[in-house]
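A short write-up of the structure that comes next.
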Amino acid sequence: MSGQLAVIGLGPGDARYLTPEAGAALAAAHALYGYGPYLDRVPAREGQTRHASDNREERGRAAAALRHAASGSRIAVVSGGDPGVFAMASAVCEEIERGPESWRALDVTIVPGITAMLAVAARIGAPLGHDFCALSLSDNLKPWDLVERRLDAAAGAGFVIALYNPVSRARPWQLTAAIERLRRHLPETTPVVIGRAVGRADEKIDVVTLDRASDSPADMATLVIVGSRETRLIERSGRTPLVYTPRAAAGVSA
Ligand code: SAH
């Protein structure tokens, strides 16, 4: 039997966000690999083993899963959101590229999931309705001056910007530094969406303006969307506002 490896996106929160394809791939696996809290979201199944590892051990986890798959098993590696967005699918590809030739013969599938920025955007309107980009603020895998250059380029070019990994226990200052950088390019009134634990019981969505965004509490389960000059806010009495970016660029009639 040739080995199989599926890299599966669980979506941002509870089982409502798991696609039927991801559910079927999880059910078919002999063994699951992943960060502990993500594995905890998957109901236990008889005969299926679990291999939990720390969040920072992506390469080791990918290599272990590939070795296991190469022994002829059906293996699933799980990620929150989408596995291709700042997550395990790249780590698996990197290990295949540098690993033994036999890993290239494995049946590898990537099963997409709803990524956090799409889930947050949907809660508040349509902030990603025109051109946008996504950046991770984690500087574990890149230097901070590269983050700053990318923020400058993205804001300068008029993109709406989704910020993943805005802070961590080891790096509490990142979001504040990024917001201060963006204030060089954007008006103080630019809408900023702060989405926490979207799709989970403790979900919280706030909209603030750019000049107040540094004061907003953010943690590792928070995703921030910073609007462009064209992003608009519609106040509604008794309801949360709608934030959207029009379909047409400024000066173009739709
Ligand atoms: N693969 C994941 C992202 C992994 S990076 C995805 O596609 O969503 C981890 C970051 O994702 C977190 O620091 C946070 O910025 C964001 N994130 C993940 N789940 C989230 C959720 N339910 N609500 C808000 N942000 C979330």
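The values are calculated or read from the model by the stated rules, or taken from the named source; none is laboratory data. What you are looking at is a predicted structure, and each value in this text was computed from that prediction instead of being measured. Cβ atoms come from the backbone with ideal geometry, glycine included; neighbour counts cover every protein chain shown.
Beta carbons closer than 6 Å, at least 6 apart along the sequence or on distinct chains, pair a first residue in the stretch 80-98 that is at negative phi with a second that is near the ligand (Cβ under 6 Å from one of its atoms) and modelled with pLDDT of 95 or more for Asp82/Thr115; Val85/Thr115; Ala87/Ser79; Met88/Ser79. Pairs linking a residue in the stretch 140-152 that is closer than 14 Å to Glu180 by Cα to a residue that is at pLDDT 95 or above and charged (D, E, K, R), with Cβ atoms under 8 Å and 6 or more positions apart or on different chains, are Glu148/Arg181; Leu151/Arg181; Asp152/Arg181; Asp152/Arg184. Among the residues examined, Pro143 qualifies as over 22 Å from Gly125 (Cα atoms) and away from the ligand (no atom under 16 Å from the Cβ).
If the condition is being part of a strand (DSSP E or B) and touching a strand residue (DSSP E or B) at 6+ places or on another chain (Cβ under 9 Å), then the stretch 228-254 contributes Arg232, Leu233, Ile234, Glu235, Arg236, Thr240, Pro241, Leu242, Val243, Tyr244.
When the residues of the stretch 53-82 are narrowed to those that are in a strand (DSSP E or B) and at pLDDT 95 or above, which ends up farthest from the ligand (Cβ to nearest atom)? Among residues in the stretch 53-82 that are in a strand (DSSP E or B) and at pLDDT 95 or above, the one farthest from the ligand (Cβ to nearest atom) is Arg74.
Consider the stretch 1-39 and keep the residues that are surrounded by fewer than 15 Cβ atoms within 10 Å (Cβ to Cβ) and within 13 Å of the ligand (Cβ to nearest atom). The one that is farthest from Leu66 (Cα to Cα) is Arg16.
Pairs linking a residue in the stretch 219-243 that is closer than 15 Å to Val193 by Cβ and free of Cβ contacts under 8 Å to residues at least 60 places away in the same chain to a residue that is part of a loop (DSSP other than H, G, I, E, B) and within 16 Å of the ligand (Cβ to nearest atom), with Cβ atoms under 6 Å and 6 or more positions apart or on different chains, are Ala221/Ala197; Thr222/Pro166. Among the residues of the stretch 211-244, those that are farther than 25 Å from Gly11 by Cβ, buried (at least 16 other Cβ atoms within 10 Å of the Cβ) and touching a helix residue (DSSP H, G or I) at 6+ places or on another chain (Cβ under 9 Å) comprise Ala213, Ser214, Ser228.
If the condition is being farther than 21 Å from Ser73 by Cα and assigned to a helix (DSSP H, G or I), then the stretch 1-35 contributes Ala15, Arg16, Tyr17, Pro20. Of the residues in the stretch 90-97, at least one is closer than 26 Å to Thr222 by Cα and away from the ligand (no atom under 11 Å from the Cβ). The set of residues in the stretch 199-227 being in a loop (DSSP other than H, G, I, E, B) and more than 9 Å from the ligand (Cβ to nearest atom) consists of Ala201, Asp202, Ser216, Pro217, Gly227.
Can you name every residue in the stretch 173-198 that is in a loop (DSSP other than H, G, I, E, B), away from the ligand (no atom under 11 Å from the Cβ) and in contact (Cβ under 8 Å) with a residue 24 or more places away in the chain? Those that are in a loop (DSSP other than H, G, I, E, B), away from the ligand (no atom under 11 Å from the Cβ) and in contact (Cβ under 8 Å) with a residue 24 or more places away in the chain: Arg183, Arg184, His185, Leu186, Pro187, Thr190.
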